[in-house]
Amino acid sequence: MRTIQNILLCGPFVCAVAVALPGCSSEPGAPPDPEEIRCDKLAECGKLSEGVAAEQCAARMSLLHDQAVKEMNVCTPVFNQIQSLMACAAQQEGCESDVGMEAADLPQEHPCFEENESYKKALQEVEDQRHEPDAGALCVFFYERAMALATTPATGQACTTNADCPDVECPDPALGRRGYCQFGKCKTAIDICE
């Protein structure tokens, strides 16, 4: 995982692909990134799609998290807190954990209580700022879809931009999206709609 962290921290991003620069090294003993923690747990629990390794998942999650923060900056507090909560849950909970995307009512003695309370506060702040009761839920939906992309492989044709990929129609209109290029491969209906 340290190699992937080097790539993420030190490499330039071109078309959503990280490239490592020579001579760039990580600090010894640095704590793992939240993405590494979560993806290691997903791999341990058998929840990564076939063909996606924990290292790929972590690299993709980091890129998609950064992209989500840029594209939906009103949701940044929610994205950051959900990332922290999911990392805590991955460290503290088993594979059947119900702590994560949903804000839960956790007892104060729960090891992720503070992260969960910060997450609930971030959701409320977004709703107050936007004056929309569903604004926080929309942020979570956007983040959940982005994270699903990180844990599934793209199985379609080779691509360099989204325009290279055919449109995908899903039975659920909320999941339908235009062509999507992920790490050099087009996402297909199998990747996006399930």
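The values are calculated or read from the model by the stated rules, or taken from the named source; none is laboratory data. Quick caveat: nothing in here was measured; it's all calculated off a predicted structure. All Cβ positions, even for glycine, are placed from backbone atoms using ideal geometry, and neighbour counts span all protein chains on display. Surface areas here come from the heavy atoms of the whole protein model, side chains and all, with no ligands, DNA or RNA. Shrake-Rupley method; radii C 1.70, N 1.55, O 1.52, S 1.80 Å.
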Reported set for the stretch 68-91 where residues are acidic (Asp, Glu) and within 24 Å of Lys41 (Cα to Cα) is none
With (1) of a type in the set (S, T, N, Q); (2) surrounded by 14 or more Cβ atoms within 10 Å (Cβ to Cβ); (3) more than 23 Å from Cys57 (Cβ to Cβ) as the list, and Gln91 as the residue in question, which single condition is left unmet?
(3)
Collect the residues in the stretch 73-110 that are over 14 Å from the mean Cα position of the chain (by Cα) and under 16 Å from Arg145 (Cα atoms), keeping them in residue-number order.
Glu102
In the stretch 78-119, how many residues are farther than 20 Å from His65 by Cβ and either part of a helix (DSSP H, G or I) or of a type in the set (Lys, Arg) (or both)?
4
Subset of the stretch 122-137 [touching a residue at least 24 places away in the same chain (Cβ under 8 Å) and open to solvent by 20 Å² or more (accessible area, probe 1.4 Å)]
Leu123, Glu125, Gln129, Arg130
Write out, first by first residue and then by second, each pair whose Cβ atoms fall under 6 Å of each other, whose residues are 6+ apart or on separate chains, and whose first residue, in the stretch 145-163, is open to solvent by 70 Å² or more (accessible area, probe 1.4 Å) while the second is not in a loop (DSSP other than H, G, I, E, B).
Thr155/Asp191; Gln157/Cys186; Asn162/Cys181
Quickly run through the stretch 28-52 and pick out the residues that are without any contact (Cβ under 8 Å) to a residue 40 or more places away in the chain, open to solvent by less than 40 Å² (accessible area, probe 1.4 Å) and part of a loop (DSSP other than H, G, I, E, B).
Ala30, Asp33
When Lys70 is run through (1) at pLDDT below 90; (2) open to solvent by less than 50 Å² (accessible area, probe 1.4 Å), the failure sits at (2)
